[in-house]
Amino acid sequence: MAARCPYFTAEESARGIRPGESPAAALRRILAEPGAHQAPCCYDALAARLVEKAGFPIGFMSGFCVSAARLGLPDVGLISYGEMVDQGRLITEAVSIPIIGDGDNGYGNSMNIKRTIKGYINAGLAAIMLEDQVSPKACGHTSGRKVVPREEAIMHIKAAVDARNESGSDLVIIGRTDSRQAISLDEALCRAKAFADAGADVLLIDALASVEEMKAFCAIAPKVPKMVNMIEGGRTPVLPPEELAKIGYSLVIYSVSLLGASILAMQIQS
């Protein structure tokens, strides 16, 4: 997969996408380095440029934030596949750092997921995060979420891996489960391990409720990088990157922080 050509070129000292390197290869290189690497949310091209300018090596295209910024609507499954792909393309064209794309629940069944994977690859995204919620989905740290059966969730990850391989891409596939709140911690740990066995490159159990649960998660599938979602006021303890790295995390996303700061700034100005 050839590297895409952004409008702006990263400085040589930056840890962005190198010449001839695909976005996914850049992300894999960064994740192979020690530490918990931070990826703030970027819901449009301007936000992504600001994330890059601030020195962050990775950006995260949050579905919550894209839905809010693009539609003015909550994260309840209203943003579509086509809108997310379009937003992802605009973001990746604006920066020279790898961008993780929120793929929600894949926007349908296994066939839809295969189309979603190919669309995210063509948009220049480095990774896609796929969750196991039923439709319509909801924000990960809210109550009342439901998940599809475990077997169906595993099939979705396998379909994503197949589509990635068929495309000749190295897209990073992030397997996310919301079953910690929907069912139990044991079910979430079981699903995360199954996602790793199915070929997921990175794992996320969203809304873990304590440091002990976070440690239990990082202990499974030790060779597969773990991701954590830091939301101010959310269910998961908000910890500094150094402490998250000690627990065992390789990737930290801040899925609403930048949007929250933007809203506050606009409210003050008005």
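Taking the condition of being in a helix (DSSP H, G or I) and without any contact (Cβ under 8 Å) to a residue 12 or more places away in the chain, how many residues in the range 167-187 meet it? Residues flagged as in a helix (DSSP H, G or I) and without any contact (Cβ under 8 Å) to a residue 12 or more places away in the chain within the range 167-187 amount to 1. Cβ-Cβ distances below 7 Å connect the following pairs, each with a first residue in the range 204-219 that is touching a residue at least 60 places away in the same chain (Cβ under 8 Å), a second residue that is among the hydroxyl-bearing types (Ser, Thr, Tyr), and a separation of six or more residues or different chains: Ala207/Thr236.
Listed here are the residues, each with its yes/no results for (1) small (Gly, Ala, Ser); (2) within 19 Å of Asp178 (Cβ to Cβ); (3) surrounded by 20 or more Cβ atoms within 10 Å (Cβ to Cβ).
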{"residue": "Gly20", "(1), (2), (3)": "yes, no, no"}
{"residue": "Lys53", "(1), (2), (3)": "no, no, no"}
{"residue": "Met61", "(1), (2), (3)": "no, yes, yes"}
{"residue": "Gly77", "(1), (2), (3)": "yes, yes, no"}
{"residue": "Glu83", "(1), (2), (3)": "no, no, no"}
{"residue": "Asn122", "(1), (2), (3)": "no, no, no"}
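Kindly provide the set of residues from the range 68-87 that are under 19 Å from Ala47 (Cα atoms) and free of Cβ contacts under 8 Å to residues at least 40 places away in the same chain, ordered by number. Of everything in the range 68-87, those that are under 19 Å from Ala47 (Cα atoms) and free of Cβ contacts under 8 Å to residues at least 40 places away in the same chain turn out to be Arg70, Leu71, Gly72, Leu73, Ile79, Glu83, Met84, Val85, Asp86. Residues in the range 58-91 that are under 30 Å from Pro19 (Cα atoms), of a type in the set (Val, Ile, Thr) and out of contact with any helix residue (DSSP H, G or I) (no Cβ under 7 Å at 6 or more places or on another chain): none.
Yes/no matrix, rows are residues, columns are (1) in contact with a strand residue (DSSP E or B) (Cβ under 8 Å, 6 or more places away or on another chain); (2) closer than 23 Å to Tyr120 by Cβ; (3) modelled with pLDDT of 95 or more:
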residue: Ile183; (1), (2), (3): yes, no, yes
residue: Asp201; (1), (2), (3): yes, yes, yes
residue: Val211; (1), (2), (3): no, no, yes
residue: Ala219; (1), (2), (3): no, no, yes
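Checked against the criterion of being part of a helix (DSSP H, G or I), open to solvent by less than 30 Å² (accessible area, probe 1.4 Å) and closer than 17 Å to Pro149 by Cβ, the range 195-205 contains one or more residues that satisfy it. Kindly indicate whether Cys190 is free of Cβ contacts under 8 Å to residues at least 40 places away in the same chain and within 22 Å of Tyr249 (Cβ to Cβ). Spelling it out, it is not the case that Cys190 is free of Cβ contacts under 8 Å to residues at least 40 places away in the same chain and within 22 Å of Tyr249 (Cβ to Cβ). Regarding Gly168, is this residue under 20 Å from Val252 (Cβ atoms) and either open to solvent by 30 Å² or more (accessible area, probe 1.4 Å) or within 15 Å of the chain's Cα centre (by Cα) (or both)? No. Selection over the range 85-114 of residues that are open to solvent by 10 Å² or more (accessible area, probe 1.4 Å), assigned to a loop (DSSP other than H, G, I, E, B) and out of contact with any strand residue (DSSP E or B) (no Cβ under 8 Å at 6 or more places or on another chain) gives a count of 3. Kindly indicate whether any position in the range 253-266 is among the small types (Gly, Ala, Ser), touching a residue at least 60 places away in the same chain (Cβ under 8 Å) and buried (at least 22 other Cβ atoms within 10 Å of the Cβ). Checking the range 253-266: at least one residue is among the small types (Gly, Ala, Ser), touching a residue at least 60 places away in the same chain (Cβ under 8 Å) and buried (at least 22 other Cβ atoms within 10 Å of the Cβ). The condition of being open to solvent by less than 30 Å² (accessible area, probe 1.4 Å) and in contact with a Gly (Cβ under 8 Å, 6 or more places away or on another chain) holds for only one of Lys226, Lys215, Lys158, that being Lys226. In a residue-by-residue description of the range 235-244, the property of being buried (at least 20 other Cβ atoms within 10 Å of the Cβ), closer than 23 Å to Ile128 by Cβ, of a type in the set (Ser, Thr, Tyr) and touching a Ser or Thr at 6+ places or on another chain (Cβ under 9 Å) applies to at least one position.
The values are calculated or read from the model by the stated rules, or taken from the named source; none is laboratory data. The shown structure was predicted, so the numbers you read here are calculated from the model rather than taken from an experiment. Positions of Cβ are generated from backbone atoms using ideal geometry, with glycine treated the same way; all protein chains shown enter the neighbour counts. These area figures cover heavy atoms from the full protein model, side chains too; ligands, DNA and RNA do not enter into them. Shrake-Rupley method; radii C 1.70, N 1.55, O 1.52, S 1.80 Å.
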